[in-house]
Amino acid sequence: MLGSVSREVTPMRTSPFKALLALGVLPIALSASVLPAADLQIHGPVQLTYGQVSGVDLDNDVTVFRGIPFAAPPVGDLRWRAPQPPIPWQGVRAADTFGPTCMQGRGRALMSEDCLYLNVWTKADSEMDNLPVMVWIHGGGWTSGASSNGIYDGFAFADKGVVLVSVNYRMNAFGFMAHPALSAESERGVSGNYGILDHVAALEWVRDNISGFGG
């Protein structure tokens with residue numbers, strides 16, 4: 001088997017007008033949505049099945065946990081296989097950065113086969129809050145998309161008392177490759193739909209761990 005694939009795609013060319021517009025808008029957007037690094041408050045740790053994580057405190061008592069692994073990296077011998085449990089870690093893992101986007105066509109984000117991560121937004125004060133939970137699985141026709149897309153930000157849901165979980169999953173040939181050779185290696189004699197199995201693994205992770213986030 002080949003090793004994992006990871007690449008950063010070269011951004012598309014931008015017109016001078018759009019570039020100037022971006023330069024004018026970017027500082028405003030950053031000042032409105034991103035706290036200076038020195039002001040970030042770390043929340044946690046939260047005990048999960050495979051380790052501990054800390055998140056980042058946002059406005060209105062909302063905390064976000066980004067890039068939590070819900071399965072082992074699907075690379076090497078785990079490529080075109082059902083997702084396996086996460087690899088346990090020691091200490092507290094800083095869940096402050098989104099995981100890579102799963103492999104797809106032309107894009108602008110760091111992509112990698114090692115992409116089975118999820119994100120949690122919560123406003124819970126304790127594990128006893130029992131807040132409602134919403135799991136967001138992004139669209140994209142099984143070929144594109146990522147949980148890190150800004151339009152899927154879960155702050156508004158968390159601010160209203162809903163624990164929001166967004167997940168990545170394998171797409172394209174990495175998520176839906178069916179082949180007789182792969183079916184022959186499968187215990188069930190079938191292949192494909194690995195992306196759907198990623199959905200199931202993410203939901204199982206939520207079932208087992210979301211109480212730690214007040215859900």
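The values are calculated or read from the model by the stated rules, or taken from the named source; none is laboratory data. In this text the structure is predicted, and so the values were computed from the model without any measurement. Reconstructed Cβ throughout: ideal geometry from the backbone, glycine too, with neighbour counts over all protein chains shown.
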Pick from segment 73-105 the residues that are part of a loop (DSSP other than H, G, I, E, B), within 22 Å of L197 (Cβ to Cβ) and among the aliphatic types (A, V, I, L, M): which of them is nearest to the chain's Cα centre (by Cα)? M103
Taking the condition of being within 19 Å of A202 (Cα to Cα) and either surrounded by 17 or more Cβ atoms within 10 Å (Cβ to Cβ) or among the aromatic types (F, W, Y) (or both), how many residues in segment 83-113 meet it? 13
Selection count, segment 167-198, where residues are surrounded by 18 or more Cβ atoms within 10 Å (Cβ to Cβ) and either farther than 25 Å from A95 by Cα or in contact (Cβ under 8 Å) with a residue 60 or more places away in the chain (or both): 11
Name the one entry in V190, V163, V206 that is more than 23 Å from L78 (Cβ to Cβ) and either modelled with pLDDT under 95 or of a type in the set (V, I, T) (or both). V163
Could you check how many residues of segment 167-191 are outside any loop (DSSP other than H, G, I, E, B) and either of a type in the set (S, T, Y) or touching a strand residue (DSSP E or B) at 6+ places or on another chain (Cβ under 8 Å) (or both)? 2
